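Chemist: Take a look at the following structure, please.
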Amino acid sequence: MAEMAVSDTLIRLPNRPGFDERLPHLIDAQTGADRCAAVMMLDLDRFKNVNDKYGHPAGDRVLVEVGKRVAALLRECETVARLGGDEFAVILRKLDCPGQASATAERIIDAVCRPIMLREGEVSVGTSIGITIFPDNEGSSDELMKCADLALGEAKRAGKGCYRFYDPAMQEEVSRKHAMAEELERAFDEDQIKVYLQPILLLETGAVTFAESLVRWDDGTPGPLAAGEFIDVIDEFQLAPRLEHAVFSQVFGMVKQWHHDGIDYPVVTLNLSAADLRSSKFCERIIAAVEKHELRADMFALEILETALFERGAETVENNIRRLSDLGFRIMLDNFGVGHASLTHLTCLPADYVKVDKSLIACIQPKDAGETIPGAVLKLAKGLGINTIAEGVENERHLSWLMSMNCDYAQGYFFHAPIPLKTFDLYLRGGVFASSEREGLAQYRLTNS
């Protein structure tokens with residue numbers, strides 16, 4: 001009975017209590033020793049996909065195989081334990097230098113990512129690893145585990161399938177994020193989270209046909225913060241529902257007013273996160289919000305980062321994209337050309353528009369013809385009958401090249417910076433969009449066409 005209390009009955013390795021029992025002995029043994037030791041925390045990547053597709057019994061067999069593979073790489077004096085779920089921990093002992101921990105981490109990553117054969121079929125998972133070195137990072141068992149966990153979080157943010165060593169700066173980053181999360185809570189309470197709109201022009205006529213909604217944190221100080229500076233905190237501290245409510249209420253409320261007042265207005269685009277698309281309830285939430293404001297789905301376009309197609313829950317993401325399209329929303333595949341999206345995704349998903357990433361547009365040179373990456377993306381989309389939008393148009397050179405390539409739409413600071421929603425409303429009600437300060441650019445009339 002005592003053995004069962006400290007062992008994982010599924011994969012016959014130490015469990016969390018068993019690991020916690022062994023870790024203090026490691027600390028005592030290393031105190032004053034010339035050599036170092038390491039504590040690793042492992043979290044499996046893409047494991048949820050196995051459970052979702054084949055069921056939990058298949059997932060259990062994957063855990064057993066992963067446990068065997070990791071244990072086979074360790075020396076007799078070292079330990080691997082299953083902490084729970086798809087989390088494992090490893091104790092490495094008698095290390096001459098941290099580089100030995102790096103080598104072991106690389107071997108573990110390579111071993112775990114090898115395909116696993118199940119009765120249901122072949123599956124592939126991966127692992128991310130956080131490492132803390134003792135006695136470089138001294139402390140209690142709980143403190144060492146906390147350090148390894150912080151390093152694990154950093155590894156997962158770095159793109160998964162990699163390892164990271166604990167650094168004291170990680171704790172400073174955690175403190176910064178906690179402070180920012182508290183400030184964001186107040187920002188939502190005080191309506192400091194604002195929607196800005198950036199015009200997207202139809203290049204053939206110069207008409208502003210779309211407007212991308214962008215989030216800004218405007219606390220009254222000069223220069224509001226762009227979403228990229230705080231979106232990781234929104235996700236990590238489960239503030240996404242508050243952000244969603246703020247964006248939906250501002251955008252749908254304004255479009256409802258424009259529609260009621262009979263004003264010509266562009267199709268407003270909304271940026272969706274991978275978390276939105278992984279949620280089984282998101283489709284219901286967004287269509288409920290649209291209908292609450294007496295609007296229709298076809299009045300809006302949804303921008304989807306191509307990276308969302310490759311994160312965990314990719315099958316759910318693709319199903320939700322199809323459902324949103326069926327509901328009437330226009331679908332834009334955002335930042336295309338810098339990730340891993342392929343011809344398969346363009347042909348299988350209901351993409352109405354492809355947005356060529358601004359990093360590709362920035363590389364355009366006057367002598368460039370179509371034999372460039374952005375040129376290839378434009379030709380590919382055109383060949384499939386998908387409308388093209390260029391992001392990050394900053395100068396006349398970009399514009400001329402895009403027009404020579406028959407790109408359909410463009411947006412960027414060459415035309416206009418993102419505009420506060422209320423200011424955009426004033427431009428619409430004036431009947432004429434704000435004229436550009438750049439020489440040679442005319443005013444742009446708004447249209448729904």
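Chemist: Kindly express, to the nearest 10 degrees and within the range 0 to 90, the angle between helix 98-113's C-alpha long axis and the longest C-alpha principal axis of the chain.
Modeler: Helix 98-113 and the main axis of the chain meet at about 70 degrees.
Chemist: Follow-up. Among 247-260, 264-277, how do they line up from the highest to the lowest mean number of other beta-carbon atoms within 10 Å?
Modeler: My ranking of the peptides, most packed first, is 264-277, 247-260.
Chemist: Phe237's amide H: which non-local residues (gap 5+, or another chain) put their own amide H closer than 5 Å, with H modeled 1.01 Å from N in plane and none for Pro or chain starts?
Modeler: Long-range HN contacts for Phe237: none found.
Chemist: Express the relative contact order of the stretch 348-431 as a whole percentage, based on alpha carbon pairs under 8 Å and six or more residues apart in sequence.
Modeler: Working: 93 pairs, mean separation 25.4, N = 84.
Reported relative contact order: 30 percent.
Chemist: Under the rule a/c < 1.5 gives rounded, and otherwise a/b versus b/c splits prolate from oblate, where does the stretch 2-166 land using the Cα gyration tensor? The partial results should precede the final answer.
Modeler: Details: a/c = 2.01, a/b = 1.53, b/c = 1.31.
The shape class here is prolate.
Chemist: To test your reading of the geometry: what angle, between 0 and 90 degrees and rounded to tens, separates the Cα axis of helix 314-327 from the longest principal axis of the chain?
Modeler: Here the helix axis deviates by roughly 20 degrees.
Chemist: Which order do the peptides 213-220, 350-357, 225-232 take when ranked by the mean count of other beta-carbon atoms within 10 Å per residue, highest first? Kindly include the intermediate steps, with their values, before the conclusion.
Modeler: Working: 213-220: 17.0, 350-357: 22.2, 225-232: 14.9.
So the order, starting with the most tightly packed, is 350-357, 213-220, 225-232.
Chemist: Shifting gears a bit: Pairing the Cα long axis of helix 240-261 with the longest principal axis of the chain, what angle in degrees results, from 0 to 90 and rounded to the nearest 10?
Modeler: Taking Cα atoms only, the helix is inclined about 10 degrees.
Chemist: Taking 7 Å along the Cα-to-C-beta vector as the label spot, tell me the His56-Glu21 distance in nanometres, rounded to one decimal.
Modeler: Rounded to a tenth, the inter-label distance reads 2.6 nm.
Chemist: Let me ask you something else. Among (1) 44, 25, 24; (2) 130, 26, 13; (3) 48, 24, 22, only one was calculated for this model; which label is it, if the read-out is semi-axes √(5λ) of the Cα gyration tensor in Å?
Modeler: Comparing each candidate, only (3) matches the computed number.
Chemist: Now, a different point. Apply the a/c threshold of 1.5 to the C-alpha gyration tensor of the stretch 217-325 and tell me whether it is rounded, prolate or oblate. Let's see the in-between values first.
Modeler: Working: a/c = 1.97, a/b = 1.12, b/c = 1.76.
It is oblate, given that a/c is not under 1.5 and a/b is not larger than b/c.
Chemist: While we're here: FRET efficiency for Lys292 and Thr221, Cβ-Cβ distance as r, R0 = 41 Å, nearest 0.05? Intermediate values should be presented prior to the final figure.
Modeler: Working: r = 33 Å, r/R0 = 0.82.
For R0 = 41 Å, the calculated efficiency reads 0.75.
Chemist: Here is a further query. In nm, to one decimal, how far is the modelled label at Ser175 from the one at Cys348, with both set 7 Å along Cα→Cβ?
Modeler: Distance between label points: 4.7 nm.
Chemist: Please figure out what share of the DSSP beta bridges in the stretch 177-429 is antiparallel and state it in percent, rounded to the nearest 5. Walk me through the intermediate numbers first.
Modeler: On the way: 16 of 38 bridges.
Once the DSSP bridges in the stretch 177-429 are tallied, antiparallel ones form about 40 percent.
Chemist: Follow-up question, since we're still on this one. Anything over 25 Å Cα to Cα? Flag those among Lys358/Lys379; Lys177/Lys281; Lys156/Lys355; Lys156/Lys382; Lys48/Lys355; Lys53/Lys156, in the order listed. Provide the component values of the computation, followed by the final result.
Modeler: Details: Lys358/Lys379 17 Å; Lys177/Lys281 28 Å; Lys156/Lys355 27 Å; Lys156/Lys382 36 Å; Lys48/Lys355 30 Å; Lys53/Lys156 23 Å.
Violating the 25 Å Cα-Cα cut-off are Lys177/Lys281; Lys156/Lys355; Lys156/Lys382; Lys48/Lys355.
Chemist: Using 1/(1 + (r/R0)^6) with R0 = 56 angstrom and r between the beta carbons of Gln257 and Asp167, what's the FRET efficiency to the nearest 0.05?
Modeler: On the way: r = 50 Å, r/R0 = 0.89.
E between Gln257 and Asp167, to the nearest 0.05, is 0.65.
Chemist: When DSSP beta bridges are limited to those with both residues in the chain, what percentage is antiparallel, rounded to the nearest 5?
Modeler: Numbers: 42 of 68 bridges.
Rounded to the nearest five, the antiparallel share is 60 percent.
Chemist: Any chance you could run the full-extension gain for Ala103 through Lys422? It's 0.36 nm times the residue separation minus the Cα-Cα distance, nm to one decimal. Don't skip to the answer; put the middle values down first.
Modeler: On the way: separation 319, 0.36 × 319 = 114.84 nm, distance 5.60 nm.
This chain segment gains 109.2 nm when fully extended.
Chemist: Something else: If r is the Cβ-Cβ distance from Ser404 to Lys94 and R0 is 60 Å, what FRET efficiency results, to the nearest 0.05? All intermediate terms of the calculation are to be shown ahead of the outcome.
Modeler: Values: r = 65 Å, r/R0 = 1.09.
My answer for the efficiency is 0.35.
Chemist: Here is a follow-up. So what's the back-of-envelope 222 nm ellipticity for the chain, counting only DSSP H runs of four-plus at -39500 (n - 2.57) apiece and dividing by all residues, rounded to 500? Walk me through the intermediate numbers first.
Modeler: Details: 17 runs with 196 residues, N = 449.
Mean residue ellipticity, 222 nm, calculated: -13500 deg cm²/dmol.
Here, each number is a calculation from the coordinates, and none is a lab measurement. Remember, predicted model here, so these are calculated numbers, not experimental data. We place every Cβ from the backbone using ideal geometry, glycine too, and count neighbours over all the protein chains shown.
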